[in-house]
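The values are calculated or read from the model by the stated rules, or taken from the named source; none is laboratory data. From a predicted model like this one, the values you see are computed outputs, not experimental measurements. So basically every Cβ, Gly included, is an ideal-geometry build from the backbone, and we count neighbours across all protein chains shown.
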Amino acid sequence: MSAENIINNWKLTDITFGMGTLSKAGEISKQMGMKKALICIGGGSVEKFGYLSTLIDTLEKSGINYDLIRGIEPNPSVGTIYRIALKAVQSQSDGFIALGGGSVIDAAKAANVLVTLNTDDIHPYFGVNNIEKELEGDLLPLLPIPTTSGTSAEVTKYSNVSDLVIGVKKLISDPSIIPKRAIIDPELTISCPLKLTRIVGLDTLTHLMEGYLNNVHDDVDPEANMRAIEGMRLVFNFLPKAVKDGENLEARKMMSLACTLGGTVIVYKSTGGPHMNSFSWFSIMDHGEATALMLPYYVAYYGKNISKKLEVIANLLNLEVTHNLTKTTVEGLFDFYKTIGQQTKISDYQEFPKDFISKAINDASQNQMKLDNMPRPIPAENRHKILKTILDGAWNGHIDKILKL
């Protein structure tokens, strides 16, 4: 089954996919039962490129009133979630439309929890399945319309929120926040700057590869690995084209498909080390860049437990499968990164504070469940040594010591 057929038949979210589908937002919002929508946007690019005006036109044609909240920042803060929720209550909105990148969609998801449950504190809902314990029925309608191809927030059960008081990025994981409907219009990603195209494209790759390599949840959704393989194939073939020419419509479409496939994978198969480390660095590095940076080094550590899956990845990268499969695959990933202008070691980032290596080790040590569920678990008694070896390798750009673990 093709990627587009998989997405069009996805059961958890009814996805309207295709060029120009933003024009259907009013019709879909009406079908969802919205009478007044709170439109959530970020820094203004959706206004600059006319996406917001197109959205408003289609809402007005469908007889749907709206209000607007601007300025949702990357890695949205707890304070931003409260601001959105307050605006929704004050405007008497009965639904949300999130037009923007993953941060906008995540913020709208979290704010929807507060409004639906009539509460003013988001903290009890961080963690796993804490919303559905209190929720009777469904959350208010929320229609995500992504303008990037990276986070997959339009189809996942996750919402990432930054707690600036303690300097930690927190996660809501709950099936009740999976959007019931979504519009994925690849035309909206054409305006995405080439650097951001690379970063969010690598976020997509990390979702797909981390989900694929996850051995713990292989039986939860037997078809997830097939979707991951197809998504990785699309990324390897089309991300370089999208980074080279942002107006390449075929590349933009294929990256939108890959991104959504990534979301369908991680909704069942959790991510691992790269995402774990990225949470420690949210204040200094883009999420997609952080996850991608760490991905090859965790692959080097996982290698002994995932040889058959590495053969598949090596073939997707057109690598010759050798006796040293793990090293070959990691070096293939590095070469792929170089073709799109992505750095391959942490020390390439001159403003990265080296003490954040220790922060990542300490933060990871507090998440033994994540360490236990990796394709190659990191046992508690050796976690500091193993994590330090992986992160030191990522700092220096060397994998030899990791391969010896």
Check: Are there any pairs with C-beta distances below 6 angstrom linking a residue in the range 163-179 that is more than 24 Å from K269 (Cβ to Cβ) to a residue that is surrounded by fewer than 19 Cβ atoms within 10 Å (Cβ to Cβ) and not aliphatic (A, V, I, L, M), with the two at least 6 apart or on different chains, and if so which?
Finding: D163/K170; L164/S77
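Residue-wise test of (1) assigned by TED's automatic domain parsing to the domain that holds W10; (2) crowded, with 21+ Cβ neighbours inside 10 Å; (3) over 23 Å from N277 (Cβ atoms).
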residue	(1), (2), (3)
L142	yes, yes, yes
T148	yes, yes, no
S152	yes, yes, no
S159	yes, yes, no
D163	yes, no, no
V168	yes, no, no
S173	yes, no, no
I178	yes, no, yes
D203	no, yes, no
Next item on the list: Examine the range 278-290 for a residue that is free of Cβ contacts under 8 Å to residues at least 40 places away in the same chain and surrounded by fewer than 22 Cβ atoms within 10 Å (Cβ to Cβ), and state whether such a residue exists.
Entry: no
Margin query: Among the residues in the range 28-36, are any in the same structural domain as I84 (by TED's automatic domain parsing), at pLDDT below 95 and surrounded by 14 or more Cβ atoms within 10 Å (Cβ to Cβ)?
Written below: no
Next item on the list: Select, from D163, D203, D174, the only residue that is of a type outside the set (S, T, N, Q) and either farther than 22 Å from D363 by Cβ or touching a Leu at 6+ places or on another chain (Cβ under 9 Å) (or both).
Entry: D174
Check: Of the residues that make up the range 112-133, is at least one surrounded by fewer than 24 Cβ atoms within 10 Å (Cβ to Cβ), farther than 22 Å from I7 by Cβ, out of contact with any strand residue (DSSP E or B) (no Cβ under 8 Å at 6 or more places or on another chain) and at pLDDT below 95?
Finding: yes
Checklist line | One residue from I56, I84, I105 being in contact with a helix residue (DSSP H, G or I) (Cβ under 8 Å, 6 or more places away or on another chain) and either in contact (Cβ under 8 Å) with a residue 40 or more places away in the chain or among the β-branched types (V, I, T) (or both) | finding: I84
Notebook entry, point to check: Which number in (1) crowded, with 23+ Cβ neighbours inside 10 Å; (2) farther than 29 Å from P377 by Cβ marks the one condition that L208 misses?
Noted result: (2)
Margin query: Report every pair of residues separated by at least 6 positions or lying on different chains whose Cβ atoms are under 7 Å apart, first residue within the range 376-405 and farther than 24 Å from Y212 by Cα, second among the small types (G, A, S) and surrounded by 14 or more Cβ atoms within 10 Å (Cβ to Cβ).
Written below: H384/S365; K401/G393
Next item on the list: Residue by residue through the range 93-107, note down the ones that are hydrophobic (A, V, I, L, M, F, W, C) and either within 23 Å of G201 (Cβ to Cβ) or surrounded by fewer than 21 Cβ atoms within 10 Å (Cβ to Cβ) (or both).
Entry: A98, L99, V104, I105, A107
Check: For the range 356-395, what are the residues that are of a type in the set (A, V, I, L, M, F, W, C), in contact with a Pro (Cβ under 9 Å, 6 or more places away or on another chain) and over 13 Å from N277 (Cα atoms)?
Finding: I386
